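**Student:** Let me begin by handing over the structure; questions about it come next.
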Amino acid sequence: MKKIVIFASGSGSNAENIILHFKNNQKADVVAVLTNNAKAKVIERAENHGVSAIVFDKAELADGTVSRKVNELQPDLIVLAGFLLMFPNEIIENYTDKVINIHPALLPKYGGKGMYGMKVHQTVLDNKDAETGITIHYVNEKYDEGAIIFQATTSIEDCTVPEEIAEKVHELEYRHFPEVIEKLLSH
Ligand code: GAR
């Protein structure tokens, strides 16, 4: 059984969707959710499905504690699903092409430090774009600049507030992220 480790900082609806997908098909298992936010809803979501949630702080991310924890878990894939801190180089180097992230826009547009969640959707709306989408990409040492694995788009011409865009983007994420993960694990 292949092992997935998820990093998330907030609500964790994607994390939960991935956990449920693999509970249903037995091709892989989410073995842990790691979070830098002790108040994140993702903790409850993971534990509700019997997946252990591990909380760490910024210092532990920098000093190698989190990296050692990941090594103990021996993941085949590390999935960032709404993880908002810079990911440590040490883990990226130890897990070449095994760390992926989802971004709620069509990179290379609307990426970089500070571009997450509603901020991305508000910027897309301000620019009057006709469409937006999701990008699943490998993680490297720069925010949102790793090689792109998958993108999907949606029309947002009917959206007038960022929350409507967020809903459309989340739908795309729920539909595609587990499938892309499954494909990567089957190689
Ligand atoms: C998702 O839309 C994800 O694409 C985005 O945060 C949201 C997390 O939602 N990630 C970023 O913005 C990363 N730059 P969730 O916690 O409900 O899965």
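**Student:** Name the pairs: first residue in the range 14-35 and more than 12 Å from Gly82 (Cβ to Cβ), second residue hydroxyl-bearing (Ser, Thr, Tyr) and away from the ligand (no atom under 16 Å from the Cβ), Cβ to Cβ under 7 Å, at least 6 apart or on different chains?
**Tutor:** Within 7 Å, the pairs are Ala32/Ser52.
Per-residue answers, yes or no, for (1) within 11 Å of the ligand (Cβ to nearest atom); (2) closer than 24 Å to Met115 by Cα:
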position	(1), (2)
Ile6	yes, yes
His49	no, no
Ala53	no, no
Leu61	no, yes
Val79	yes, yes
Val99	no, yes
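**Student:** Do we have Ala152 as modelled with pLDDT of 95 or more, closer than 18 Å to Asn17 by Cα, outside any helix (DSSP H, G or I) and of a type in the set (Gly, Ala, Ser) here?
**Tutor:** yes
**Student:** Can you find a residue that is loosely packed, with under 12 Cβ neighbours inside 10 Å and over 21 Å from Val30 (Cα atoms) anywhere in the range 132-146? Working first, answer last.
**Tutor:** Taking the range 132-146 and keeping what is loosely packed, with under 12 Cβ neighbours inside 10 Å, we get 142.
Checking the rest, the ones that are also over 21 Å from Val30 (Cα atoms) come to 142.
Looking through the range 132-146, at least one residue is loosely packed, with under 12 Cβ neighbours inside 10 Å and over 21 Å from Val30 (Cα atoms).
**Student:** When you go through (1) within 28 Å of Gln151 (Cβ to Cβ); (2) touching a residue at least 24 places away in the same chain (Cβ under 8 Å) one by one for Glu93, which number turns out not to apply?
**Tutor:** Only one criterion in (1) within 28 Å of Gln151 (Cβ to Cβ); (2) touching a residue at least 24 places away in the same chain (Cβ under 8 Å) is unmet by Glu93, namely (2).
**Student:** When the residues of the range 13-29 are filtered to those that are open to solvent by less than 10 Å² (accessible area, probe 1.4 Å) and farther than 12 Å from Glu173 by Cβ, which remaining residue is nearest to the ligand (Cβ to nearest atom)? Talk me through it step by step, then tell me what you get.
**Tutor:** If we filter the range 13-29 for residues that are open to solvent by less than 10 Å² (accessible area, probe 1.4 Å), which is where we start, we get 15, 18-19, 22, 28.
Subset that is farther than 12 Å from Glu173 by Cβ: 19, 22, 28.
On the way: Ile19: 11, Phe22: 16, Ala28: 18 Å.
So the residue we want is Ile19.
**Student:** Can you tell me which condition Gly112 does not meet? The list is (1) more than 12 Å from the ligand (Cβ to nearest atom); (2) assigned to a loop (DSSP other than H, G, I, E, B), and all the others hold.
**Tutor:** Among (1) more than 12 Å from the ligand (Cβ to nearest atom); (2) assigned to a loop (DSSP other than H, G, I, E, B), Gly112 violates only (1).
**Student:** Going through the range 70-90 one residue at a time, which ones are open to solvent by 70 Å² or more (accessible area, probe 1.4 Å) and either among the hydrophobic types (A, V, I, L, M, F, W, C) or in contact (Cβ under 8 Å) with a residue 24 or more places away in the chain (or both)? Even if it seems obvious, please write down each step before you answer.
**Tutor:** The initial filter retains those residues of the range 70-90 that are open to solvent by 70 Å² or more (accessible area, probe 1.4 Å), namely 72, 74, 84, 86, 89-90.
Within the range 70-90, Gln74, Leu84, Met86, Asn89, Glu90 meet the criteria.
**Student:** Ok, one more. Within the range 90-116, take every residue that is at pLDDT 95 or above and of a type in the set (Val, Ile, Thr) and give me the one that is nearest to Pro162 (Cα to Cα).
**Tutor:** Ile102
**Student:** Also, quick follow-up: Does Lys142 meet the test of being outside any helix (DSSP H, G or I), basic (Lys, Arg) and free of Cβ contacts under 8 Å to residues at least 24 places away in the same chain? Quick ask: steps written out before the conclusion?
**Tutor:** Details: outside any helix (DSSP H, G or I): yes; basic (Lys, Arg): yes; free of Cβ contacts under 8 Å to residues at least 24 places away in the same chain: yes.
In short, yes.
**Student:** Exactly one of these conditions fails for Pro162: (1) within 13 Å of the ligand (Cβ to nearest atom); (2) modelled with pLDDT of 95 or more; (3) within 29 Å of Phe22 (Cα to Cα); (4) crowded, with 16+ Cβ neighbours inside 10 Å. Give me its number.
**Tutor:** It is condition (3) that Pro162 fails.
The values are calculated or read from the model by the stated rules, or taken from the named source; none is laboratory data. Bear in mind that the values here come from a model prediction, so they are computed numbers and not experimental data. We place every Cβ from the backbone using ideal geometry, glycine too, and count neighbours over all the protein chains shown. SASA here: full protein model, heavy atoms, side chains in, ligands and nucleic acids out. Shrake-Rupley method; radii C 1.70, N 1.55, O 1.52, S 1.80 Å.
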